[in-house]
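Reviewing the structure listed below.
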Amino acid sequence: MSEFEAGPSTNLACPRGARGRVRAMKLTVVGGTGLIGSQVVQKLTAAGHEAVPASLSTGVDLLTGEGLDQALEGAEVVVNVSNSPTFDEASLGFFRTSMTNLLAAGERAGVRHQVILSIVGVDQVPQLDYYRAKTLQEELLRQGPTPYSIVRATQFFEFMNATMSWTSDDTTVRLPATRIQPMATADIVDEVVDVSIGSPLNGIRNIAGPDVFALDDLGRLTLAAQHDDRTVVTDDKAGLFAAVTGDAIIAGPDAHLAPTHYQDWIQSAR
């Protein structure tokens, strides 16, 4: 699999005017009140677009379809950054139902571009239920009726503490030496917005942080920056990422590399 899979060109989206400036559009951001979605809404709005957040808190239920037609009314683009409430096998049902409902509602509304946020290497780790669920979401989008774009991102800087919490106690943090290439959510938002206001890729854009780490080493760096005196123990059976082998979730040479380095980010986050 190539790291960037560009499909056939399409004229269904024409976001730029004669002088090359992006014209204002209406976009519905599904999951638009979450960590990524709220930033996408903010950035699109600041750029002069009409960005409508759609989530349970705004009356939109992806699983029943309630509120979807109203949320997508008049939208040219749907940006789907919603997430399953669990990482287990139930996530398969969530992404199957939500993607099916969203594609149907988008077709009814005349949406011309469907965008989803996925994960670099998602189809290389079938032993993880959540990764299989995201792969299913991608497949449904590809088979759907609307031109599409898939933005695959690496792991978020912001989730490092949560990752450590899965396998930690008062004195130690157990982490595998899995190779990861994490990135800041602000950089993910920039790429999602760029893809969303452009023409459909009908393929994949991979995005990643500028540096590759072993997860256990990243844990040590994080604890040191936070003045946390717990010890990181390398344990290749510990946590979600223990199932990942080799460079399965490392971006390839054609990926877009983000500018923010983890060391700089964690110092500023303090």
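For the stretch 220-256, a residue qualifies if it is part of a strand (DSSP E or B) and surrounded by 16 or more Cβ atoms within 10 Å (Cβ to Cβ), and the qualifying residues are 232, 256.
Of the residues making up the stretch 26-51, those that are surrounded by fewer than 21 Cβ atoms within 10 Å (Cβ to Cβ) and not acidic (Asp, Glu) number 12.
Looking at the stretch 152-202, which of the residues that are acidic (Asp, Glu) and in contact with a helix residue (DSSP H, G or I) (Cβ under 8 Å, 6 or more places away or on another chain) is modelled with the highest pLDDT?
Taking the stretch 152-202 first, the residues acidic (Asp, Glu) are 158, 169-170, 187, 190-191, 194.
Cutting the leftovers down to in contact with a helix residue (DSSP H, G or I) (Cβ under 8 Å, 6 or more places away or on another chain) gives us 158, 190.
Working: 158: 94, 190: 97.
This residue is 190.
Within the stretch 97-104, not a single residue is in a loop (DSSP other than H, G, I, E, B) and either at pLDDT 95 or above or among the hydroxyl-bearing types (Ser, Thr, Tyr) (or both). Put simply, of 41, 79 the only residue that is closer than 17 Å to residue 196 by Cβ and in contact with a helix residue (DSSP H, G or I) (Cβ under 7 Å, 6 or more places away or on another chain) is 79.
Quick check: anything in the stretch 103-121 open to solvent by 20 Å² or more (accessible area, probe 1.4 Å), farther than 22 Å from residue 200 by Cα and in contact with a Leu (Cβ under 7 Å, 6 or more places away or on another chain)? Looking for residues that are open to solvent by 20 Å² or more (accessible area, probe 1.4 Å), farther than 22 Å from residue 200 by Cα and in contact with a Leu (Cβ under 7 Å, 6 or more places away or on another chain), one finds none in the stretch 103-121, hence no.
Condition first: under 14 Å from the mean Cα position of the chain (by Cα) and either more than 30 Å from residue 112 (Cβ to Cβ) or charged (D, E, K, R) (or both). Can you find one or more residues in the stretch 201-221 that meet it? Taking every residue of the stretch 201-221 in turn, at least one turns out to be under 14 Å from the mean Cα position of the chain (by Cα) and either more than 30 Å from residue 112 (Cβ to Cβ) or charged (D, E, K, R) (or both). In the set (1) open to solvent by less than 40 Å² (accessible area, probe 1.4 Å); (2) within 22 Å of residue 252 (Cβ to Cβ), the condition left unmet by residue 163 is number (2). Residues that are closer than 16 Å to residue 265 by Cβ and part of a loop (DSSP other than H, G, I, E, B) within the stretch 175-200 comprise 181, 182, 184, listed in sequence order. Reported count of residues in the stretch 201-212, each being open to solvent by 10 Å² or more (accessible area, probe 1.4 Å) and part of a loop (DSSP other than H, G, I, E, B), is 5.
The values are calculated or read from the model by the stated rules, or taken from the named source; none is laboratory data. In this text the structure is predicted, and so the values were computed from the model without any measurement. Here Cβ is always computed from backbone atoms with ideal geometry, including for glycine, and neighbour counts include all displayed protein chains. Accessible surface is based on the protein model in full, side chains and every heavy atom, while ligands, DNA and RNA are left aside. Shrake-Rupley method; radii C 1.70, N 1.55, O 1.52, S 1.80 Å.
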